[in-house]
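Participant: Can you keep this structure in mind? I'll have questions shortly.
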Amino acid sequence: MTDQDLYSGTSETSEGRVFTVSGQDWDQIADGLAEEEGQERIVVNMGPQHPSTHGVLRLILELDGETVTEARAGIGYLHTGIEKNMEYRSWTQGVTFCTRMDYLSPFFNEATYVLGVERLLGIEDQIPEKASVMRVLLMELNRISSHLVAIATGGMELGALTVMTIGFRERELCLDLFELITGLRMNHAFFRPGGVAQDLPPGALDEIRGFITLMKKRLPEYAAFCNANPIFIGRLDGIGHLDLEGCLALGITGPVLRSTGYPWDLRKTQPYCGYETYDFDVQTWDSSDSYGRFRVRLNEMWESLRIIEQAADRLAGLDGAPVMIQDKKIGWPSQLAIGSDGMGNSLDHIRHIMGESMEALIHHFKLVTEGFRVPAGQAYVPVESPRGELGAHVVSDGGTRPFRAHFRDPSFTNLQATSVMAEGGMVADVIVAIASIDPVMGGVDR
């Protein structure tokens, strides 16, 4: 017997001498290269640079001088195992896992999974209107917060630190609204099969309208800082070029695809959660480069504000309406309401299940610990996340747990464009290309 792996051969990641660049001047690297007589190329391990690559994305670059001749992305360093873990939890508990994948857009992770489960249950037409409107509201708030991070971190990498500071300033406002509505700034697990966890708290609509008013004043700041800034344009214009044919060949979606001028947005082409009833426009650009992706994201934040405004108006007319399906065998947690201490179930519900009805207590216990059964089958309901098409392929064998849950995460698919965007360009432009893709490694490695 040998210790050789029968399923994979052995190979070196790269040939020749490998340099790990850690901030030193380029002439130091060139001097090191000169020590290798006859060596005409250099292989560099690059990263982490983008905040999403804090040690979990390795870029292997082959350079000729400062020109990138080959670029490869090494992934799989996060090892979260989210999809496998979901097979050992109930259908409702699965939301707690998947919300942590793309941690910059958690509501979209929850939405695609929950919509798939609801399709398997055959209850899509039973979801309360208020729950669907709240889902749309939170997803569009989340789209704004995610795009703010993309623009802010991209600006930081270019040295535009003011763009970074104001980007996170506005994102904080989004997180404040998330905390007000769900109780958490991230990892919310707020969307549940059948609806949402709880109703809007008092005063939430006033806070949302205040946010809309403030953002309409602050979004023009990004345009003033960047749109006509010659340094900003010089660093982004023509960098990371990828045309429509390349996007379609690689399956790339989101702002990268729409920057080619192709108006593909699942909210319009395959509507869900009632998006077909909202008035908004799909934003595109025609430059197929990093600058176009920046402009698409900036314009999409304006469209999200339009949708949020419409959702807030609808919620004002749904005061007191249910936010969870009326089927008591599915709606979980049962009769959830905020208690006087600001958390947990209402005292009325506790009194009912603990002191009035043994059957109610048994039902509550079974629903929470075991969960509901989902008919055997499979479903895939994609949503338009800030990075593109995000979909959950959920499979049931008729039990109380997912037989399989596999996510099509756009960050994973879009990272394929790294080599196409970077090869032939300069080392410094690799950073711009990666930032324009806006990858989140939690979604890549899952």
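Participant: Calculate the FRET efficiency for ARG404 and LEU184 from the Cβ-Cβ distance with a Förster distance of 35 Å, rounded to the nearest 0.05. Mind dumping the intermediate values first?
Facilitator: On the way: r = 27 Å, r/R0 = 0.79.
That gives a FRET efficiency of 0.80.
Participant: To continue, here is another question. Looking at the square roots a ≥ b ≥ c of the eigenvalues of the Cα gyration tensor of region 201-335, which shape do they give, rounded for a/c under 1.5, prolate if a/b is larger than b/c, or oblate? Each step should come with its number before you reach the end.
Facilitator: Numbers: a/c = 3.15, a/b = 1.65, b/c = 1.91.
Because a/c hits 1.5 or more and a/b fails to exceed b/c, region 201-335 counts as oblate.
Participant: What lysines could a cross-link reach from LYS328, if we take a straight Cα to Cα line under 17 Å and drop same-chain neighbours fewer than 8 places away?
Facilitator: Correct list for LYS328: LYS366.
Participant: If I ignore ligands, DNA and RNA and count only protein heavy atoms, how much of TRP285 is accessible to a 1.4 Å probe, in Å² to the nearest 10?
Facilitator: Ignoring ligands and nucleic acids, TRP285 comes out at about 70 Å².
Participant: Okay, moving on. So what is the relative contact order for region 58-163, in percent, with contacts set as C-alpha pairs under 8 Å and at least six apart?
Facilitator: Working: 65 pairs, mean separation 15.7, N = 106.
RCO, region 58-163: 15 percent.
Participant: A further question on this structure: Subtracting the Cα-Cα distance from 0.36 nm times the residue separation, let me have the gained length for GLU66 to LEU244 in nm, one decimal.
Facilitator: Numbers: separation 178, 0.36 × 178 = 64.08 nm, distance 2.78 nm.
Fully extending the segment from GLU66 to LEU244 adds 61.3 nm.
Participant: Put a dot 7 Å past each Cα toward the Cβ at ALA428 and ARG119; how far apart are the dots in nm?
Facilitator: 4.7 nm
Participant: A further question follows. ASP319 to ASN229: FRET efficiency via 1/(1 + (r/R0)^6), r the Cβ-Cβ distance, R0 41 Å, to the nearest 0.05? Write down the numbers at each step before the final one.
Facilitator: Numbers: r = 45 Å, r/R0 = 1.10.
Step by step, r from the Cβ atoms, then E = 0.35.
Participant: Can I ask one more? So, by mean Cβ neighbours within 10 angstrom, what's the order for 248-256, 423-431 with the highest one leading?
Facilitator: 248-256, 423-431
The values are calculated or read from the model by the stated rules, or taken from the named source; none is laboratory data. Please read these numbers as outputs of a predicted model, since none were measured by experiment. Note: ideal-geometry Cβ built from the backbone for every residue, glycine included; neighbour counts use all protein chains shown. Just so you know, the surface numbers come from the protein's heavy atoms only, side chains and all, with ligands and any DNA or RNA stripped out. Shrake-Rupley method; radii C 1.70, N 1.55, O 1.52, S 1.80 Å.
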